[in-house]
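Below is one structure, written out as structure tokens; comments come after it.
The values are calculated or read from the model by the stated rules, or taken from the named source; none is laboratory data. These numbers were taken from a predicted model, which means no experiment stands behind them. Methodologically, a virtual Cβ is constructed for each residue, glycine included, from the backbone with ideal geometry; neighbour enumeration extends over all protein chains shown. The area values use the complete protein model at the heavy-atom level, side chains included, leaving out ligands, DNA and RNA. Shrake-Rupley method; radii C 1.70, N 1.55, O 1.52, S 1.80 Å.
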There are 2 protein chains.
Amino acid sequence: MTARDLSVDERLEHLSLNTATVREQGDLLAIVEAAKRHGISCLCPWRDQVEAVGLQSAVRAVREGGFRLSGYCRGGMFPAGSAHHAAMLDDNRRAIDEAAALGAPCLVLVVGGLPQFSRPGSAASKDIAGARAQVEDAIGALLDHADKADVPLAIEPLHPMYAADRACVNTLGQALDIGDRLDPDGSHRLGVAIDVYHVWWDPDLLDEIARAGKSRIHAFHICDWLVPTRDLLLDRGMMGDGVIDIRQLRAAVEAQGFTGPCEVEIFSEDWWSRPIDEVLATMTERYRTVC
Amino acid sequence: MTARDLSVDERLEHLSLNTATVREQGDLLAIVEAAKRHGISCLCPWRDQVEAVGLQSAVRAVREGGFRLSGYCRGGMFPAGSAHHAAMLDDNRRAIDEAAALGAPCLVLVVGGLPQFSRPGSAASKDIAGARAQVEDAIGALLDHADKADVPLAIEPLHPMYAADRACVNTLGQALDIGDRLDPDGSHRLGVAIDVYHVWWDPDLLDEIARAGKSRIHAFHICDWLVPTRDLLLDRGMMGDGVIDIRQLRAAVEAQGFTGPCEVEIFSEDWWSRPIDEVLATMTERYRTVC
């Protein structure tokens, strides 16, 4: 398999910062300034961070800073009780519009789990198959709006430990099945975001990456799996501190023709507690040495 | 699908207590006495608990108490550096012999993760595919001993959040693939232990249960998945307190002809902190009402 040599990527052309990685250290404008200091030229912002500074302000900061985007986080949270269904779709259409305004190459979809968790107030259910059907219906209902906005949707399979409350799409194969059913010919550019944290354990992963191919892979996210992992949500590791063979997975994705950046997304109370310049310096060094 | 009606199982004929559920409240002999008080007549003991009271003492307590066993926990932890390989196999052969002495109908295999975690002292590796190959090799090497001891082996797929450190077999399909390769005609009775906690999220689960069929299903473990889950290892829920549709999964297993008990296995600092009689009373009540 062919893979880019990141050790010589002095200009960090293939690195993106998912802004959740330093969300506790400052607002989006402060993160943009910090990224500039470290030579990072690609970002993936989160909706709540954009909202906090205002969409127009975020758009201006991205453009004036000369940043590219690797995606926009996030749409989704589809399973919803009937009283919440219309608002859920409206919310997702707004996310698509924001992604378009920012010039994001895709909207990442965290699809949601059981309805009582993905849209609080919805009636409680244990029907995960039903939640999965709701996910597929909602994505299907959004494709036209995404097409008009020219924002491809990227289904992100989440680790099975989030199946109940965050995403009931839990393997790459499952995400690709949805793509095959809703967009068999690829005309809607419905694809996937592959985050090594969520999928590294999957015995079918390399086969499914090959199945995805270039056209379905919209984003590639990296961090690491720590042993022990002390918290289900907020204990992701910096690349190199855990057990994931990131380079192997990157090579597999790049062998399919993926040319997008490695997007670093780390939810970690540890890294959130450190100065932003320490986090970004560590991240760029690890990008060149262990990814 | 046909399923037993547990609400009328006054004698708890289809209930088993995995003794780890109350491991902090007393030794195995105390657990046996408590089980008697609650009318529980089936157990699945753990090796360390047996060792603590002595194998002969454990055998006597089980026999004199008139208990059946639903399994013995556990063999496994197969991935090992070369310096640890022979000891790993010896250790597993002893586990098989202990299971035979106790009259257990199967030895549950928690297969282990990367070698540095499954057999500490082994060289560190990120090669999960290699660990999986080691698992399969080791199980193959143990089949003859298991046959001679008349103890079927039951591969337990563990939740993907344990892939690195506890078990790199993470789906029922993956466990069945190993069974198909090592024991295609079933003559070794190589099978699986299905624990709802580990597999409930799997979109292929019902299909894989059907694929397993009666001959491969050696054990059925129950507890619940809590939202939020506060600890990766020690925050399992009592049946009914979480999001797993236990009755649906039990019906699927029983539709294949499985006639073994529902074995309650709860690792929980919460439930370990409660009096043993409260835990067993709650467990038997939930067994009849929500399972």
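What to note about this one:
- Under a 5 Å amide H cut-off, with hydrogens placed 1.01 Å from N, B:Leu43 pairs with B:Leu17, B:Arg68, B:Leu69, B:Ser70 among residues at least 5 apart or on other chains.
- Estimated inter-spin distance, A:Ala281 and B:Lys36, nm [label 7 Å along Cα→Cβ]: 6.7
- Pairs of Cα atoms nearer than 8 Å and 6+ residues apart set the relative contact order; for chain A it is 21 percent.
- Table column - 3J(HN,Hα) (Hz), the range A:217-225, Karplus curve with 6.51, -1.76, 1.60, x for Gly and Pro: 8, 9, 7, 9, 9, 10, 5, 8, 9
- Choice from A:Leu233, A:Leu29, A:Leu249 with maximal GNM fluctuation in chain A (Cα, 10 Å cutoff): A:Leu233
- Residues listed by number, the range B:250-266, amide nitrogen under 11 Å from B:Arg4 label point at 7 Å toward C-beta: B:254, B:258-263
- Scanning chain A for DSSP H helices at least 27 Å long along the axis (C-alpha atoms) with a Kyte-Doolittle mean no lower than 0.0 picks out A:128-149.
- Listed residues B:Met161, B:Ala146, B:His198: farthest to the positive end of the dipole of the range B:80-199 (Cβ charges): B:Met161
- Cα gyration tensor category, rounded, prolate or oblate, for the range B:105-235 with a/c compared to 1.5: oblate
- Using the empirical formula 2.2 N^0.38 Å as the baseline, the Cα radius of gyration of the protein assembly as shown reaches a ratio of 1.01.
- Note that the range B:140-289 presents 32 Å² accessible area per residue, ligands and nucleic acids not counted, probe 1.4 Å.
- Adding -39500 (n - 2.57) for every DSSP H run of four residues or longer, then dividing by how many residues chain B holds, sets the calculated 222 nm ellipticity at -13500 deg cm²/dmol.
- Toward the positive end of the charge dipole of chain B, with +1 on the Cβ of Lys and Arg and -1 on the Cβ of Asp and Glu, the farthest Cα among B:Val253, B:Thr282, B:Leu28 is that of B:Leu28.
- Relative intensity, log₁₀ I(q)/I(0), of the range A:193-291 from a Debye sum that treats every alpha carbon as a point, q = 0.12, 0.15, 0.19, 0.25 Å⁻¹: -0.38, -0.59, -0.91, -1.37
- In a fully extended conformation the segment linking A:Arg274 and A:Ser215 would gain 17.5 nm over its present Cα-Cα distance, using 0.36 nm per residue.
- Given R0 = 22 Å, the distance between the Cβ atoms of A:Lys148 and A:Asp90 translates into a calculated FRET efficiency of 0.90.
- Positions from the range B:146-168 whose accessible area shrinks by 40 Å² or more when the full protein complex is built, not the chain alone, probe 1.4 Å: B:Pro160, B:Met161, B:Ala164
- Residue with peak Gaussian network fluctuation, chain A [Cα springs, cutoff 10 Å], from A:Glu254, A:Glu64, A:Glu156: A:Glu64
- Partners for B:Lys148 among lysines (Cα-Cα distance below 28 Å; same-chain residues under 8 apart left out): B:Lys214
- Charging the Cβ of each Asp and Glu at -1 and of each Lys and Arg at +1, and nothing else, the dipole of the range B:238-278 about its Cα centre rounds to 220 debye.
- Gyration tensor over alpha-carbon atoms, chain A, equivalent ellipsoid semi-axes in Å: 27, 22, 19
- A simple charge model with +1 on the Cβ of Lys and Arg, -1 on the Cβ of Asp and Glu and nothing else charged puts the dipole of chain B at about 320 debye relative to its Cα centre.
- Inter-label distance, nm, simple model (7 Å from Cα along the C-beta direction), A:Ala83/B:Ser82: 6.7
- For the protein assembly as shown, the dipole from Cβ point charges (+1 on Lys and Arg, -1 on Asp and Glu) about the Cα centre works out to 40 debye, to the nearest 20.
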